[in-house]
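Presented below is the structure to which this report refers.
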Protein chains: 2
Amino acid sequence: MEQRRERRTGRRRGAAAGDTEAEVIDRINQPVHRLPIYELASEEALDLIHRSSLALLSDVGIDFYHDEAQAILRAHGVRLDGATAHFDREMIAEYVAQAPATFTQLARNPERNVVIGGEFVTFAPVYGPPFVYDRDRGRREARLHDFQNFVKLTYQSPYLHHSGGTIVEPTDLPVHTRHLDMVYSHARYSDKPFMGSVTSAANAADSVRMAELLFGADEIRANPGLLSLINVSSPRRFDDRMLGSLLTYAKARQALIITPFLFSGAMAPAAVGGTLVQLNAEALAGIVLTQMISPGTPVVYGAFQTNIDLQSGAPVFGSPESQIALFVSAQLARRHGLPFRSGGMFASAKVADAQAAYESVMVMLPTVLARVNFVLHAAGWLEGGLTAGYEKFILDEQLLGMFHKFLQGLDLSDNGLALDSLAEVAPGGHHLGTAHTLLNFRTAFHRSELFDYNSFEQWYEEGAQTADERANTAYKRRLRDYEPPALDPSKDEALRDYVARRKLEIVPEN
Amino acid sequence: MEQRRERRTGRRRGAAAGDTEAEVIDRINQPVHRLPIYELASEEALDLIHRSSLALLSDVGIDFYHDEAQAILRAHGVRLDGATAHFDREMIAEYVAQAPATFTQLARNPERNVVIGGEFVTFAPVYGPPFVYDRDRGRREARLHDFQNFVKLTYQSPYLHHSGGTIVEPTDLPVHTRHLDMVYSHARYSDKPFMGSVTSAANAADSVRMAELLFGADEIRANPGLLSLINVSSPRRFDDRMLGSLLTYAKARQALIITPFLFSGAMAPAAVGGTLVQLNAEALAGIVLTQMISPGTPVVYGAFQTNIDLQSGAPVFGSPESQIALFVSAQLARRHGLPFRSGGMFASAKVADAQAAYESVMVMLPTVLARVNFVLHAAGWLEGGLTAGYEKFILDEQLLGMFHKFLQGLDLSDNGLALDSLAEVAPGGHHLGTAHTLLNFRTAFHRSELFDYNSFEQWYEEGAQTADERANTAYKRRLRDYEPPALDPSKDEALRDYVARRKLEIVPEN
C-alpha cells in the first residue's frame, strides 16, 4: 500500500515576472496545495452518508448494462439480479484500497507530467460542448478548427496543466472517426497530458494504441498515458458504451475518472444529503469494478453535481447547494484515500457577463479550498456546458493564475513579515520606494494581464472596454503567437499512419 | 465578562418562496453562521503576528493627532513621545478584554435589530463613493436622490440587514450639513439600523442627537443606535477628524468600527505578513482607546486591506493576496474575542462586467467562510470604491441571497437524506415528480430572481440580455414599487426640526 502512495517530488516550480512566454511555459508546474482544506461536514456526517451509500449499494443496487462487466462482477462475488449488482459492504473497502492514492500521468514532454492526487492540483479546460462562442461571430457549432484552437490556447497557458479531452465536439467531422482527429490534435499541438475517447470500446482501444505510439507500450503500463472520463448514467446505471470504454482502459492500466453526473431534483433527490449518498454509491461501484478488472489501475473519484431550477427544470450552475455538495464529496474522496475530480468554472450564463463570472467563482473557489485534485472545466465553460467560450476561456484563466498565487499561502519569513520596513516608514508615509518593496517588486503580488486597474478616465479614453472585449483581443493575439512544440517526426508519422488506416477501416454503424 | 458575551437568541428566521415582497421583508433576519470557519493560519502563525504587533505598538508606536485623545492615553499609562503613543504589551490585553464580544444595534423596527459579533453575519451596502453609475446615464457625481435610492433599495432587500452609512456622497448638498440629510434619509426611508457621520466631532454629535430623537437617549446607552466607521490614516496614524468622532461616539457609548485602511505596497509593506502585523497593531491601538474612554463600549475589529499593482500604483481588488489577509485578520479578531468587520463585493472594474463579478466573489466568498460579522460594501461597489453601481448593487444582492442559503449548511435529517426516494426511483429514471420533490419544491434550492437559466434559444428570443441589462430593469422596477415604512409623525417632526435648526446654526469653516 504505502509504496503505491508515495509522491513524486522535486519538480521545478515558480515563474518570475518579466519572463518571455516561452520561459513561462517552460516552467509550468502544478500548484501544491498545502493550505488547510475546508472541511464542511463532521466525521459523524461523513459516516452517516457513507453508511447510507453502503446500504444503497447492498440493498438497492446499481445496474451494469454490459455482459462482460456483469461476468467480472459475478466472478468477484457481487450478487447480480438481472443487470442489478448488489455489493457487500466489506467488498467496497477491500477493492477501493487497491487503487493508488496518487499517480503520475505522462506528458510527451516529461516536464509536463502531472501528479493526480494528494496535495497536487491539475487544471484542465472545458470538456464536451457542441457549440463555441466568440464576440465576433456569436454562438455556432464547434469544428475541428475550434478544437485545435483550444488545444493551442491551453498549451500556451502557464495555469492549465492538462490538455483535457473533448474540449469541444468537432461537429464538422464524421462521428465515428472524430476521436482519432481529437487524440491526434492533442498529441500534435500540445505537449501536455490528455484524455482518451469514451464513446465506445473500439474508440477507447484506438486511444490506447495512439498513446502506445506516442509514449511506448511498456511506458503507459508503468504510468498511464491517458486519463479518461467515465460518466455514470445516473441514477444507478452504467451504460454499455461507458462500460466498454472502462473495461478497455482498465485492462490497459490507463487511468479513469468515475463520475456520477447528478442534477439534484432530476437524476438525484431534491436534497443535498441524498444526492451525496447516491453520488458516493455510484462512484464507489464504478471504482470497485476497475479494481476487479485490474487491481492497482489508477482511478479518480469523480463528482459532477449541481441542482435544477425546480420551477423550470433547467440546470443551475454556481448554486449554494452545489457548493455544499462539492465540499462534502471532496471529504468523502479523501476518506477513501482516492484522488478527487470535481468543480470547474461552471456557469449557466450564455456569454461571459457578470452572471457567468459570479457563478464561475462560486464553484471554483470552493473547488480550490476543497483541494480538488483534477479540475476539468477549469476554463471556457458557458451555458451549462453546451458552449465553449473563447473570451470566457481567457477570463477564467486569469483566475487560475490568481489561485496559483493563493495556494502559495502566507509567508511569515523575515521577508514576509517585513518588520524593518514597518518601523522605517513614518506615520502617514508610504512603502512605494522602500528597500523591501524594491526587493519584492516582481514577486509580491500576482498581476493579471487582462484585468483593468487603470483610472476611470484612462479606461474611458482607451475605449471603455468591458472584460470580455479585452479577452476577445487577447485570445486572437495568443493564437497568432502560437508556435507548436516540436514532435519527433517518426512518432508524428506513426500517428498519422494509424489515423489514416483506421479511417479506412471504420465503417459507420448506421 | 461572560454576561457581556451572552448572545440574544430566539429571533424569527426563514422565508418561504412565493411570499409577497412585504412578507419577505417582514421576515428579514441575519444569517447565523454555524458552518466550520476556514482557519488559514496556524496558532503559531497567529502568535508570531500578534507578538510582532505588540512589539510595534510598544517600540515603534502609533501617532494620535488629538489633544484630548493624547491626554486620555497618558492618563491610562500610555507612554507618549510627542504624538506617538507607546503601548505596553499587558495593557493591550487588559483593555481589549473590556469590549463586548457581541452587541445588539437598534433599528427603529425592533424586528430589524442586528446582532454584531459571534455567529451572526450582517450585510450592509457600499460606503463612500462620490460617483454613481447606471447603464442609462453612465458615471456621474452622486446626489442626495441617489443616496435615497440606495437607502430604498437596501430597505427592500431581504438580504441586506443594515442600511449602512454614507452609501454615496450626496455631492449636490453643502459639505458641512450633508451629514444631517444622510442620517435623516436613513431614519425616514428605511427602518433598518444605520451608521453615524465621522466627518467631525460636531457631525458625530449631530448623529448621536438624531439617534436619541429616534430611539431615545436612555435606549441608545443600553444598546447602541449607531455603528460608525473610524478609519486609521495608515500607516500608524489616527487623525484629528477621526479621533474627534471616536471620542464623541465612545462617550455616548455608540458602537465603533476601528479599521486600518491598508493597500499593501503603499500604506503597508509589499508583503501580506507585514501588512497583518501593522493591521493588528493599528486596530488594537484604536480599540484600546475606546475602552479607556468608556469601558464596555461596543467596538468592532476592522480590516480593510488589499494590495496595489506595483507597476502602476493602482489599488487591486479581488487579489489572491487580499484573500489570504482577510482569512487571517478574521482569525486575529476572533483571538481577541471581538466582532470583526471586513470584506465586501470589491472590484476594480468600472462597470458590472465579468471582471467586476470575478473580483467580487473572490473577496465575498472568503468573507463568508472567514465568518466576518459586519460586511460593509456587500452590494454596489465598483471602481475601487469610487462608484456605486445601480446594476452592480442588484447583481451583488443575488449573491447575498445565495450566501444566506449556503449558511444553512448540510441537512442530514431524514428529509435531507431522502433514502426512500433514492430507492424508489428506478435506474435511469428521474426525481421530478416524486413525493419528496413535491414536498421540497419551494425550499430545496435557492432561486435567484435575476440570473438566467433559460435555454439559449429562449434567452436569445427574449433579447439576449446580459446580466447588467436585466439588473438595469430590475432596479428601476424596485424603485417604482418602493413604499416607505411608517415613521411615528412626532419623531419625524423632531428629526426635521433638528435638521432645520442645525442647518441654520452650522457655519462653514471656510
In nm, give the distance between the simple-model label positions of B:Arg79 and B:Ala55, each being 7 Å from the Cα along the Cα-to-Cβ direction.
-> 1.6
For the protein assembly as shown, with equal point scatterers placed on the C-alpha atoms only and solvent neglected, what are the log10 I(q)/I(0) values from the Debye formula at q = 0.06, 0.09, 0.10 1/Å, to two decimals?
-> -0.45, -0.99, -1.19
Helix B:354-369 sits off the longest principal axis of the Cα atoms of chain B, rounded to the nearest 10 on a 0 to 90 degree scale, by 70
Note, region B:135-141: 3J(HN,Hα) by Karplus (6.51, -1.76, 1.60, θ = phi - 60°), whole Hz, Gly/Pro = x, goes 5, 6, 10, x, 8, 8, 5
Given just the C-alpha atoms of region A:330-408, how large is their convex hull per residue in cubic angstrom?
-> 83
Give the residue from A:Thr306, B:Met242, A:Val60 lying farthest towards the positive end of the charge dipole for the protein assembly as shown; charges sit on Cβ (+1 for Lys and Arg, -1 for Asp and Glu) and the dipole is referred to the Cα centre.
-> A:Val60
For the residue pair B:Ala93 and A:Asp481, what label-to-label distance in nm results when each label sits 7 Å from Cα along the Cα-to-beta-carbon direction?
-> 5.5
For region A:108-160, restrict the atom set to alpha-carbon positions and state the Rg and Dmax in Å.
-> 14.2, 42
So what's region A:462-507 giving for Rg/Rh, alpha carbon basis, Kirkwood Rh from the mean inverse pair distance?
-> 1.36
Calculate one ³J(HN,Hα) per residue across region A:159-169 by plugging θ = phi - 60° into the Karplus curve 6.51 cos²θ - 1.76 cosθ + 1.60, and present them in order as whole Hz with x for glycine and proline.
-> 10, 10, 9, 9, 7, x, x, 6, 4, 9, 7
Could you pull the Rg and Dmax for region A:236-302, using just the Cα atoms, both in Å?
-> 12.7, 38
If one takes the longest principal axis of the Cα atoms in chain B, at what angle in degrees, from 0 to 90 and to the nearest 10, does the Cα axis of helix B:390-406 lie?
-> 80
Distances from A:Ile506 to the same residue in each other copy, label points 7 Å out along Cα→Cβ, in nm, shortest first?
-> 7.6
Rounded to the nearest 500, what is the 222 nm mean residue ellipticity of chain B from helices alone, with -39500 (n - 2.57) per DSSP H run of 4+ residues and division by all residues?
-> -13000 deg cm²/dmol
Going by alpha carbons, how many degrees (0 to 90, nearest 10) lie between the helix axis of B:201-215 and the longest principal axis of chain B?
-> 50
Evaluate the relative contact order of region A:225-356 (contact order divided by residue number), counting alpha-carbon pairs under 8 angstrom at least 6 apart; express in whole percent.
-> 22
For chain B, what relative contact order do you get, as a whole percent, if you take Cα pairs closer than 8 Å and at least 6 residues apart?
-> 17
Relative packing of B:154-160, A:215-221, A:269-275, which averages over residues the other C-beta atoms within 10 Å, highest first = A:269-275, B:154-160, A:215-221
Cα gyration tensor shape for region A:163-257, rounded if a/c is under 1.5, else prolate or oblate = oblate
Taking a ≥ b ≥ c as the square roots of the eigenvalues of the Cα gyration tensor of region B:247-345, is the shape rounded (a/c under 1.5), prolate (a/b larger than b/c) or oblate?
-> prolate
Antiparallel DSSP bridges in chain B: what percent, to the nearest 5?
-> 40
Rounded to 5, the percent of DSSP beta bridges in region B:217-317 classed as antiparallel | 10
So, by mean Cβ neighbours within 10 angstrom, what's the order for B:323-333, B:357-367, A:41-51 with the highest one leading?
-> B:357-367, B:323-333, A:41-51
Starting from the eigenvalues of the Cα gyration tensor, five times each then square-rooted, give me the equivalent ellipsoid semi-axes of region A:433-480, largest first, whole Å.
-> 28, 17, 7
Separation of alpha-carbon centers, region A:287-321 and region B:168-182, rounded to whole Å | 55
Sorting from shortest, the nanometre distances separating the label point of A:Glu44 (7 Å past Cα along the line to Cβ) from those of the same residue in the other copies are 3.2
Expressed as a whole number, the average count of other chain Cβ atoms within 10 Å around the Cβ atoms of A:273-279 is 6
Each residue of B:361-373 has, on average, a number of other protein chain C-beta atoms within 10 Å of its C-beta equal to 3
How do A:196-207, A:381-392, A:456-467, B:403-414 rank on mean C-beta neighbours within 10 Å, highest first?
-> A:381-392, A:196-207, B:403-414, A:456-467
Hey, rough spin-label estimate for B:Asn223 and A:Phe441, points 7 angstrom out along Cα→Cβ, what's it come to in nanometres?
-> 5.5
With only alpha-carbon atoms counted, please give the Rg and Dmax of region A:347-469, in Å.
-> 18.7, 56
How fast does chain B diffuse by Stokes-Einstein, in µm²/s, taking the Kirkwood radius from C-alpha pairs at 10 °C and 1.306 mPa s?
-> 67
Other protein chain Cβ atoms within 10 Å, averaged over every residue that makes up A:54-64 = 2
Estimate the FRET efficiency between B:Leu173 and B:Ala71 by the formula 1/(1 + (r/R0)^6), using the beta-carbon distance for r and 45 Å for R0, to the nearest 0.05.
-> 0.80
Before anything else, pin down the relative contact order of region A:316-434: Cα pairs under 8 Å, at least 6 apart, normalised by residue count, whole percent.
-> 23
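Values in this text are rule-based calculations from the coordinates and carry no lab data. What you are looking at is a predicted structure, and each value in this text was computed from that prediction instead of being measured. With ideal geometry, Cβ positions are generated from the backbone for all residues, glycine too; neighbour counts draw on all protein chains shown.
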